[in-house]
Structure formats: structure tokens, C-alpha cells
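The values are calculated or read from the model by the stated rules, or taken from the named source; none is laboratory data. Keep in mind it's a predicted model, so treat the numbers as computed, not measured. Note that we place each Cβ from the backbone using ideal geometry, even for glycine, and neighbour counts take in every protein chain shown.
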Amino acid sequence: MLTSPPADHTIAQAIAHDELRLFYQPIVRATDGAVVAVEALVRWQHPTLGLLTPDRFLHKADRDGQLPLLDRWVLHRACQDLADLGPAAPDHVNVNLSAPTLATDFTEPVTTALERTGLAAHRLRLELSECADLNTLTHAEKHLKGLVERGVGVALDDMGTGSTDLRCLSRLAVHGIKIDKEFVSGMLTNPRDHAIVKLLTEMAHGLRLHVTAEGVETAEQLAALTRLGVCYVQGYHLAPPLTLAELTSTILTA
């Protein structure tokens, strides 16, 4: 049984055939559960394999050199969806940029998505993987600066899992960090994971950055994160990734 797309079926073809889908996972304020943002998560509705999660096609897309094309599609669709939701929409949509995209001049696809959809720049937040190497993030610095000046927000994702020099964190125009789910999942049983979450939270506060914890699965984790001063949380305890229709229903019934 095939578990990933055939070699001759590419992201470019998926886009041409309208097979990609976006799901949105809410990011909520820890103190009151208000949905303040959503993270756009791509899926592939493959004609024979069904709905594929990114772990089943991103590696091939990277090998094919098509991650920048995928990022461009996600940027436009996410901005369009948030704009279409109207006044009831969350304040922001978070979109991940892959390392290959960060290695390019990504100003054009970001500004084009905003201009074509009419979404205000301050409502878009770009998530940068901390697993991107230092050279890539350093290259991205000048492009991020220009986008931030337009109002776009920037967050460093998967914080604590990469080898990025902390000096890069001080140099990049970053508004927030996202604590990796592996530390959140272990923080109640592993004192070291708890210490890392505490350290990252305090560092973020010291740098005046927003801090979000990913992968919150239980009420106990949520309570522990709130005690540490984590302002925003994301995970299945709060909400799974939702279709646009499900997100709209969730917002209207909140």
C-alpha cells in the first residue's frame, strides 16, 4: 500500500488540480480561552491516497525543490480565508515559511498575497523554524526587516529544538517564540523539560516577546503553563486543526 505520493505526482500538479487544503488550528489566550489567532496547516487531498498530512509529502516536495511554490500557495490561501471570514475572524493567521523559502527573497510572495487578498499586513504572522540553519536565518534578516516595517509579525517556531545561535534571536525582527511540543509534553514528568519551558518563557518575557506553547494536550499542562506565565497556547486540548467551515462554526458559537 502506498503511503506517499508517487514520484510523478508533485506539489505543482496538486496545486494545478486543486488538491491542497488548509486546516486551521486555533491559538488561544491561556487566561480566558479566547481565540486570538490560527495557524495554517496544509494537507493534500490526494485522489487515490486520501487526505495526506505534511509528513507524507513535504520531504518529496523539498527534494523536488517545490517548497517555495507550496509556501506561496499557503500564503495566498491563508490570507484569503482570513480576509473572507470578516469581522468574526481571529486577529491573526500564522503561516510557516520553509528553509528553502527563507533562503530566497520572500518579500514578493508575502506582499503579493496581502495585496491580492486585501488582508492588512498586521494580521499576518510568519513562523520561522528554529531548525533552519543560522546562515539561512541571517540571510532572511533583511527581508524580515522590510516586512516587519510594513506591519507583518514574525515568530520563531519549534523553540528549543534547533541549534540556532541565540545572537540570531536578538538580531532578527521577531515578535514571539513558540515552545516546541516535546518540552510541553514532558514538562509534568521531566523536571528538565519543565525547566526548559520555564527558561524559554522567562527569556521571551525578558526580550518582550510573545510566548506560545505548542502541543497542549491536557488541562494539567495548560494549568502548569499558565502558572509559568505562558500567555498563549495551542494544541488538541484546546482544539484540533479545523476546516475553514469548522473554524467559522467554532467562532460563531464561542
Q. Do you know which residues across the stretch 215-234 are assigned to a loop (DSSP other than H, G, I, E, B), more than 16 Å from residue 198 (Cβ to Cβ) and without any contact (Cβ under 8 Å) to a residue 60 or more places away in the chain?
A. 215, 217, 218
(Q) It is to be established whether one or more residues within the stretch 190-199 are under 23 Å from residue 34 (Cα atoms), at pLDDT 95 or above, under 20 Å from the mean Cα position of the chain (by Cα) and of a type outside the set (Asp, Glu). (A) yes
Q. Is there any pair linking a residue in the stretch 193-208 that is among the hydroxyl-bearing types (Ser, Thr, Tyr) to one that is not in a helix (DSSP H, G or I), with Cβ under 8 Å and at least six apart or on different chains, and which?
A. 201/179; 201/211; 201/229; 201/230
(Q) Which count do you get for residues in the stretch 96-116 that are part of a helix (DSSP H, G or I), buried (at least 19 other Cβ atoms within 10 Å of the Cβ) and among the polar types (S, T, N, Q)? (A) 1
(Q) Whether any residue in the stretch 155-177 is over 23 Å from residue 221 (Cα atoms) and among the acidic types (Asp, Glu) is what I want to check. (A) yes
Q: Would you check which residues across the stretch 14-36 are modelled with pLDDT under 95 and either under 19 Å from residue 62 (Cα atoms) or not aliphatic (A, V, I, L, M) (or both) and list them?
A: 31, 32, 33
Q: Search the stretch 230-248 for residues being polar (S, T, N, Q) and over 18 Å from residue 29 (Cβ atoms), and hand back the single one that is surrounded by the fewest Cβ atoms within 10 Å (Cβ to Cβ).
A: 243
Q. On the given criteria, is residue 45 free of Cβ contacts under 8 Å to residues at least 40 places away in the same chain, in a helix (DSSP H, G or I) and more than 22 Å from residue 253 (Cα to Cα)?
A. no
**Q.** Subset of the stretch 50-73 [over 19 Å from residue 140 (Cα atoms) and not in a strand (DSSP E or B)]
**A.** 53, 54, 55, 56, 57, 58, 59, 60, 61, 63, 64, 73
Q. Which one of these does residue 214 not meet: (1) crowded, with 19+ Cβ neighbours inside 10 Å; (2) farther than 30 Å from residue 44 by Cβ; (3) among the acidic types (Asp, Glu)?
A. (2)
Q | Considering residues of the stretch 30-57 that are in contact with a Ser or Thr (Cβ under 8 Å, 6 or more places away or on another chain) and not hydroxyl-bearing (Ser, Thr, Tyr) only, the residue nearest to residue 153 (Cα to Cα) | A | 35
Q) Here are 71, 64, 91: which of them is over 25 Å from residue 123 (Cβ atoms) and either in contact (Cβ under 8 Å) with a residue 40 or more places away in the chain or touching a helix residue (DSSP H, G or I) at 6+ places or on another chain (Cβ under 6 Å) (or both)? A) 64
Q) How many of the residues making up the stretch 37-69 are aliphatic (A, V, I, L, M) and over 14 Å from the mean Cα position of the chain (by Cα)? A) 7
Q: Using the structure shown, decide if residue 70 is closer than 25 Å to residue 58 by Cα, modelled with pLDDT of 95 or more and touching a Gly at 6+ places or on another chain (Cβ under 9 Å).
A: no
Q) Looking only at residues in the stretch 9-37 that are touching a residue at least 40 places away in the same chain (Cβ under 8 Å) and of a type in the set (S, T, N, Q), which one is surrounded by the most Cβ atoms within 10 Å (Cβ to Cβ)? A) 25
